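Worksheet: the structure to be examined is printed underneath.
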Amino acid sequence: MSQLKYLVIYLTLLVALVLMILPLPDWAQIYRPNWMALVMIYWSMALPKRVGLWFAFFSGIILDTSLGTLLGQHTLALVLIIAINVNFYQRIRVLALAQQSIYVFVLLLINQVVVAWVEGFLGRSTPLLAFFGAPFIGMLIWPWVFVVLRDIRRKALLR
Amino acid sequence: MKTIIEVRGSSIQALFLIAVSIAMMVVDHRFQHLEIVRTNISLALSPVRYLVSLPATGGNWLGDWFTSHTELLNENELLKAEGRILNARLQKFEILAEENARLRNLLGSSRKIADDVIVAELLSVDQNPYSQLIEINRGSSDGVEIGHAVIDDFGIMGQVIHVNAQSATIILISDPEHAIPVQFIRSGTRSVAFGRGSTRQLELRYLPATADIKIDDELVTSGLGGRFPPDYPVATVTAITEDRVLGFVSVFAQPKARLDSSREVLVIKPRQ
């Protein structure tokens with residue numbers, strides 16, 4: 001029973017995955033925030049003992065298969081930002097939501113750099129608007145993601 | 001607070017996972033070994049993909065349900081007329097096909113006349129917005145295999161690159177990583193058409209400046225390389241730019257297939 005409640009974490013990640021592949025009109029696609037990264041940042045901040053690098057690694061592989069990208073592209077990006085987060089979460093956790101958002105923006109930007117860098121290797125360029133647009137939207141919705149996931153965590157009695 | 005050993009442990013773990021990710025990317029890019037990992041994860045996730053494509057499918061269904069009676073009658077009338085025209089043309093084609101077969105027999109050539117096809121529909125799933133990949137609802141259980149060509153009513157769309165049991169991923173001819181061997185119908189010149197990341201344009205690079213090419217020339221598959229069956233329409237030439245220094249021309253062509261709007265596609269199974 002005590003293990004069962006951690007299923008909630010997997011459920012939130014599944015919802016993030018659905019949001020990542022949900023069809024959007026063409027113009028909106030490039031502004032789609034990286035839901036997977038947002039949810040992973042939250043859990044690794046809230047439950048760093050349970051949700052860490054291996055979690056990021058496997059979510060990344062699942063994301064890569066779902067998006068049809070090179071196997072390892074989003075994995076590398078996710079592992080990198082969660083590795084950074086693992087070292088900083090104690091200082092970030094106590095900040096106000098607005099300040100956290102800026103930190104999340106930086107993490108999402110690093111994520112974007114890695115993804116765009118690999119795309120560049122494959123000969124595909126990332127439009128500038130897409131490069132900054134998605135992390136920016138991610139920053140704006142971070143407070144809501146944080147509050148929703150915190151409520152879920154409290155309801156599920158995860159600590 | 002965390003101890004130094006803990007911090008060091010997590011850094012080593014991070015470096016290890018980063019190295020594994022990079023290794024995976026290299027292997028995935030150059031070899032086929034990770035295909036099985038991809039296939040199995042995709043299979044496990046297929047319920048999620050169907051869930052995601054459900055609203056679009058439901059929307060279509062509702063749209064069909066509420067189409068008015070008169071609209072249906074009109075459409076029916078139109079389709080009947082179109083059917084009559086197509087039938088009339090088909091009679092001609094049948095005669096031509098027979099004649100063709102007879103002539104080929106005379107020449108002793110063994111060209112296949114028709115290919116087997118699998119009818120498939122697009123799944124409404126967004127993938128990486130910078131690459132030109134689409135997903136269809138037929139997979140290995142229907143006989144789809146990696147490398148099969150995919151067409152719509154107007155021309156070549158792309159080829160299959162990943163196959164799961166119930167679905168398959170198709171790379172469009174417009175993807176920057178894709179190239180297709182083509183031939184000009186009028187002059188017979190052979191070349192290779194590269195994708196440029198836009199569904200409206202292909203590029204043929206480094207053609208000799210003396211090549212006989214005009215705007216509106218039609219391009220068909222040449223069948224070289226063995227991936228695409230020969231003689232399917234690919235694109236129409238829209239622009240020719242000349243590099244006077246190097247003596248080459250680059251040709252731009254618009255794909256015939258409706259890469260961004262076709263919903264029903266055909267997967268071509270090459271005959272053994």
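Laboratory data are not the source of any read-out in this text; all were calculated from the coordinates shown. What you see is a predicted model, and the numbers here were worked out from it, not measured in a lab. Here Cβ is always computed from backbone atoms with ideal geometry, including for glycine, and neighbour counts include all displayed protein chains.
Across chain B, where is the longest run that never hits chymotrypsin sites (Phe, Trp or Tyr not before Pro) in a DSSP loop with at most 16 other C-beta atoms within 10 Å?
Longest gap between qualifying sites, sites excluded: B:32-153.
If we count every other residue with Cβ under 14 angstrom of residue B:162's Cβ, Lys/Arg +1 and Asp/Glu -1, where does the sum land?
After counting each charged neighbour, the total is -4.
Of B:77, B:203, B:145, which has the largest mean-square fluctuation in a 10 Å C-alpha GNM of chain B?
B:77
Can you check what the net charge comes to around residue A:100, using other residues whose Cβ is under 11 Å from the Cβ of residue A:100 (Lys, Arg +1; Asp, Glu -1)?
Combined, the nearby Lys, Arg, Asp and Glu give +2.
Rounded, prolate or oblate for the protein assembly as shown? Axes are the square roots of the Cα gyration tensor eigenvalues, ordered a ≥ b ≥ c, and the cut-off for rounded is a/c under 1.5.
prolate
Gaussian network model of chain B, Cα springs within a sub-10 Å range: biggest mean-square fluctuation belongs to which of B:68, B:250, B:140?
With Cα springs under 10 Å in chain B, the top fluctuation among B:68, B:250, B:140 is at B:68.
Which of B:146, B:36, B:136 moves most in a GNM of chain B, Cα contacts under 10 Å?
Highest fluctuation of the listed residues: B:36.
Can you give me the long-range amide H partners of residue B:192? Hydrogens built in the peptide plane at 1.01 Å from N, cutoff under 5 Å, separation of 5 or more residues or another chain.
B:182, B:205
For segment A:39-113 and segment B:40-77, compute the distance between their C-alpha centroids and round to whole Å.
Each part's Cα centre sits 36 Å from the other's.
Would you work out the charge dipole size for the protein assembly as shown about its Cα centre, treating the Cβ of every Lys and Arg as +1 and the Cβ of every Asp and Glu as -1, and quote it to the nearest 20 debye?
Value, rounded to 20: 1820 debye.
Read phi for every residue in segment B:146-156 and hand back ³J(HN,Hα) as whole Hz from Karplus 6.51 cos²θ - 1.76 cosθ + 1.60, θ = phi - 60°, with x for Gly and Pro.
Karplus values, whole Hz, x for Gly and Pro: 4, x, 5, 7, 10, 10, 10, 5, 10, x, 5.
Using the Cα centre as the reference, give the magnitude of the dipole from point charges on the C-beta atoms of segment B:179-255 (Lys, Arg: +1; Asp, Glu: -1; all else neutral), rounded to the nearest 20 debye.
So the dipole magnitude of segment B:179-255 works out to roughly 180 debye.
Tabulate in residue order the Karplus-calculated ³J(HN,Hα) for segment B:158-171, using 6.51 cos²θ - 1.76 cosθ + 1.60 with θ = phi - 60°, rounded to whole Hz; enter x for Gly and Pro.
x, 9, 6, 10, 10, 10, 10, 5, 10, 8, 8, 9, 10, 9
At a Förster radius of 45 Å, what calculated FRET efficiency corresponds to the Cβ-Cβ distance of residue B:85 and residue A:10, to the nearest 0.05?
0.20
Using modelled backbone amide H atoms (1.01 Å from N, in-plane), which distant-in-sequence or interchain residues come within less than 5 Å of residue A:47's amide H?
Residues meeting the amide H criterion: none.
Using the Kirkwood formula over every pair of different C-alpha atoms, what hydrodynamic radius in Å results for chain A?
15.9
So if I place +1 on the C-beta of Lys and Arg and -1 on the C-beta of Asp and Glu, and nothing else carries charge, what would the dipole magnitude of chain B be about its Cα centre? I want it in debye, nearest 20.
In total the dipole reaches around 700 debye.
Where does the charge balance sit around residue B:82 when Lys and Arg score +1, Asp and Glu -1, over other residues with C-beta under 15 Å from its C-beta?
Around residue B:82, the surrounding residues sum to 0.
If you take the charge dipole of segment B:4-65 about its Cα centre, with +1 on Lys and Arg Cβ and -1 on Asp and Glu Cβ, which of B:62, B:9, B:33 is farthest toward its positive end?
B:9
Of the lysine pairs in chain B, how many meet both conditions: Cα atoms under 26 Å apart, and a spacing of 8 or more in sequence or different chains?
Close lysine pairs under the 26 Å cut-off: 9.
For a quick check: with amide H placed at 1.01 Å from N, whose amide H comes under 5 Å from residue B:159's, ignoring anything fewer than 5 positions away on the same chain?
Close amide H contacts, sequence-distant or interchain: B:150, B:171.
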